[in-house]
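All of the numbers you see were taken from the coordinates with simple rules; none came from a lab. Please read all numbers here as calculations on a predicted model, not as lab measurements. No Cβ is skipped: glycine too gets one built from the backbone with ideal geometry, and neighbour counts run over all protein chains shown.
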Amino acid sequence: MNYINETVMLKTCKLTDYIAEYHPEWTCDMPVGCPPEDIIVAHNHPFFRLARYADRYDEDDFKSYAETSPDKDWGENLPLAVGLSVIDNEKKARKRLKSPYFSKFKGIILLNLEPKDGVLKQTGAHLSHYTWWKTKRFSINNLKMLQ
Amino acid sequence: MRKLTLKKILDYYDVPQIFVADDAMGTSYLCLLFDHDSDGFKYIGVQVSQQRLDTYVKGLLDLRDAYLSPEAENAVFLVTVKKEVITAAKQLQPSEITEDMLPEKDYFFDVDDYIDDDETSIDRYQLDVPSKDKETFSTLISRMGWRVWEIGKSAANVAAVW
């Protein structure tokens, strides 16, 4: 299935340049050095995130661990805890539903991220995995649930 | 109860999903997240030889089999992570391994986009591409499964590929 119907691109960018252009308001307090200086900005680029239900999603599907557990001491993991994981490949996102932790999850949300939505960086052991630091301008309206 | 030391995170989504940790004797545990609560994260861990671990990372071992058919008896543990302390908290008997701890069948490691820090598995190139060929170039590269990141609007419209 092709979700790309317009020019899409991931552009590398300096965080300072991004802040100067978009004046982002992050969804939670960011620790020092987070997001990192070398970031990626998505221009109508498809990403996928797991959802708890097959046919709907809500704000809770987009809350980071730092947001759901604000009093917890995340230590060195705080920069990742304030971010959200997204996958750039539907097949790989869907495969995660086989793991026991995500067996309670039922759906896949398609996100076509724009610069206003926040910044990303490829993290983790797989090229398809990105950490997304989102802004308050990201809206959960009009996202697509994939069956 | 054994304290473990994180060796490598093999899969990450919001938190580490699969990791390898060693105990004081150097035995490796392959750990898979199955639950979390206010008390911490719960993983199912199995003691693995380096050979078995290599087999898994090569995408040749179904993760479900790693826990249901371990290399030795008494090799499966409940592993907890609390405040970054990793503990093999309890040995699990076969009857104690429940379905909610296990992945579905055919849950193999994703090899094709794995970044192995132990190897130089990715080469990065910088190419000069004429602006008029940008679309053709992007199409060709995406068909190969490579990555294209436009790193600047220089005079030569430089693009980085990996």
Summing -39500 (n - 2.57) over every DSSP H run of at least 4 residues in the protein assembly as shown and dividing by its residue count gives a helix-only mean residue ellipticity at 222 nm, to the nearest 500 deg cm²/dmol, of -3500 deg cm²/dmol
Rank these for me by crowding, B:GLU71, B:GLU99, going from fewest to most other beta carbons within 10 Å.
-> B:GLU99, B:GLU71
Over the whole of A:91-99, what's the average partner chain Cβ count within 10 Å per residue? Rounded to a whole number, please.
-> 4
For the range B:45-83, state which trypsin sites (Lys or Arg not before Pro) are in a DSSP loop and have at most 10 other beta carbons lying within 10 Å of their beta carbon.
-> B:LYS83
Report the charge-dipole magnitude of the range A:9-146 in Debye, nearest 20, computed about the Cα centre from +1 at each Lys and Arg Cβ and -1 at each Asp and Glu Cβ.
-> 840
Past 21 Å, Cα to Cα, is the threshold; run A:LYS92/A:LYS121; A:LYS72/A:LYS121; B:LYS3/B:LYS90; A:LYS11/A:LYS116; A:LYS11/B:LYS134 against it and keep the listed order.
-> A:LYS72/A:LYS121
Which whole-number percentage describes the relative contact order of chain A, with Cα contacts under 8 Å and a sequence gap of 6 or more?
-> 31
Within 10 Å of each Cβ in B:83-93, the average number of Cβ atoms from other chains = 1
